[in-house]
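Reading through the structure tokens given below for one structure.
The values are calculated or read from the model by the stated rules, or taken from the named source; none is laboratory data. As the structure is a prediction and not an experimental result, all values here were calculated from the model. Quick reminder, even Gly has a Cβ in these numbers, built from the backbone with ideal geometry, and neighbours come from all protein chains shown. When the accessible area is computed, the model is the full protein with side chains, heavy atoms only, and any ligands, DNA or RNA have been set aside. Shrake-Rupley method; radii C 1.70, N 1.55, O 1.52, S 1.80 Å.
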Amino acid sequence: MGLSIPVSIPASGAALRAGALEVVVLGSHLLLYPTGVCQEKFAADAAPPATRPPVLLLHGFTDNRSVFVLLRRALAGDGLRHVEAFNYSPFTRDLRVTARHLARRVEELCDRTGQEQVDLVGHSLGGLVGRYYVQRLGGGARVRTLVTLGTPHAGTQIAPFLDAHPLMRQMRPGSEVLAELAAPAPGCATRCVAFWSEFDAVMTPVGTARLEHPDLRVENMQVMGIGHLALAVHPTVIAAIRRVLDGIGPAAAAAPGVESVA
């Protein structure tokens with residue numbers, strides 16, 4: 001879902017602008033894509049000085065860590081937090097396997113930085129991977145905040161011809177994985193903030209990127225006027241994510257174009 005092109009856009013001025021921005025973002029990302037193919041390497045004894053929990057970025061389907069170039073720079077710019085990106089294999093066939101790999105990476109990151117918790121930011125499928133770790137693999141104890149960007153929490157019906165891929169089937173409404181995530185999650189203390197947009201053409205139906213679960217601490221943030229790819233790079237969203245991770249009240253308060261939606 002990371003490199004998808006909008007399939008259908010309503011004929012309105014705002015939608016056309018959002019579609020044009022998606023094309024620009026896609027072109028820029030395709031140029032950067034080769035730079036993010038390899039996994040990052042870190043020395044086992046490297047413990048960057050930071051006062052806030054480290055942030056781990058999780059990319060979407062068919063994508064890699066290059067999608068987070070701008071977000072990563074913004075989050076790490078003040079030197080108060082360490083930011084890394086986690087590449088999972090393009091041959092992944094089960095997001096639950098990736099979530100177990102994520103669990104090991106989080107433990108390693110905590111050991112290396114001396115922090116007890118981390119923050120996760122996941123774009124598209126990456127948000128589901130992070131959520132599965134939090135809800136089903138005990139990650140609620142390690143993850144302070146989970147931010148999702150255009151993540152199909154209720155499943156997406158986009159591109160039925162892609163159902164041959166197991167990961168796409170797991171992102172369909174009613175899938176076994178989504179049923180697991182809908183199950184009770186008592187005691188989960190992780191703060192969950194889900195960003196969604198009415199012009200995210202990958203999320204079908206509109207609003208499926210909202211997170212609804214009675215046991216989770218959830219804030220749904222509606223972003224105005226941008227599409228799926230732009231959620232990971234737009235300055236408005238980046239400012240709102242920084243506000244979330246800084247713990248300065250509602251994300252929407254200091255980010256024009258973002259609204260908190262119950």
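Structural remarks
- Unmet criterion (only one of (1) in a loop (DSSP other than H, G, I, E, B); (2) buried (at least 18 other Cβ atoms within 10 Å of the Cβ)) for Glu116: (2)
- Thr156, sole failed condition from (1) open to solvent by 10 Å² or more (accessible area, probe 1.4 Å); (2) in a loop (DSSP other than H, G, I, E, B): (1)
- Residues that are open to solvent by less than 60 Å² (accessible area, probe 1.4 Å), of a type outside the set (S, T, N, Q) and modelled with pLDDT of 95 or more, drawn from segment 98-113: Ala99, Leu102, Ala103, Arg105, Val106, Leu109, Cys110
- Members of segment 66-97 that are surrounded by fewer than 22 Cβ atoms within 10 Å (Cβ to Cβ) and part of a helix (DSSP H, G or I): Ser66, Val69, Leu70, Arg72, Arg73, Ala74, Ala76, Arg96, Val97
- Scan of segment 137-152 for residues that are touching a His at 6+ places or on another chain (Cβ under 8 Å) and not hydroxyl-bearing (Ser, Thr, Tyr), ordered by number: Leu149, Gly150
- Condition check for Gly187: outside any strand (DSSP E or B), closer than 29 Å to Gly13 by Cβ, in contact with a helix residue (DSSP H, G or I) (Cβ under 9 Å, 6 or more places away or on another chain) and at pLDDT below 95: no
- Search result, residues across segment 180-207 that are out of contact with any strand residue (DSSP E or B) (no Cβ under 9 Å at 6 or more places or on another chain), open to solvent by 30 Å² or more (accessible area, probe 1.4 Å) and over 22 Å from Asp94 (Cβ atoms): Pro184, Pro186, Gly187, Thr204, Pro205
- Residue that is modelled with the highest pLDDT [pool: residues in segment 46-89 that are under 30 Å from Met168 (Cβ atoms) and of a type in the set (Ser, Thr, Tyr)]: Ser66
- First in segment 105-123 and closer than 30 Å to Ala230 by Cα, second anywhere and open to solvent by 10 Å² or more (accessible area, probe 1.4 Å) and among the charged types (D, E, K, R), Cβ under 6 Å, 6 or more apart: Val106/Arg142; Gln117/Arg142; Gln117/Arg144; Asp119/Arg144
- Of the residues making up segment 125-140, those that are surrounded by fewer than 24 Cβ atoms within 10 Å (Cβ to Cβ) and without any contact (Cβ under 8 Å) to a residue 40 or more places away in the chain are Leu137, Gly138.
- Selection status of Leu30, modelled with pLDDT of 85 or more and either open to solvent by less than 10 Å² (accessible area, probe 1.4 Å) or not polar (S, T, N, Q) (or both): yes
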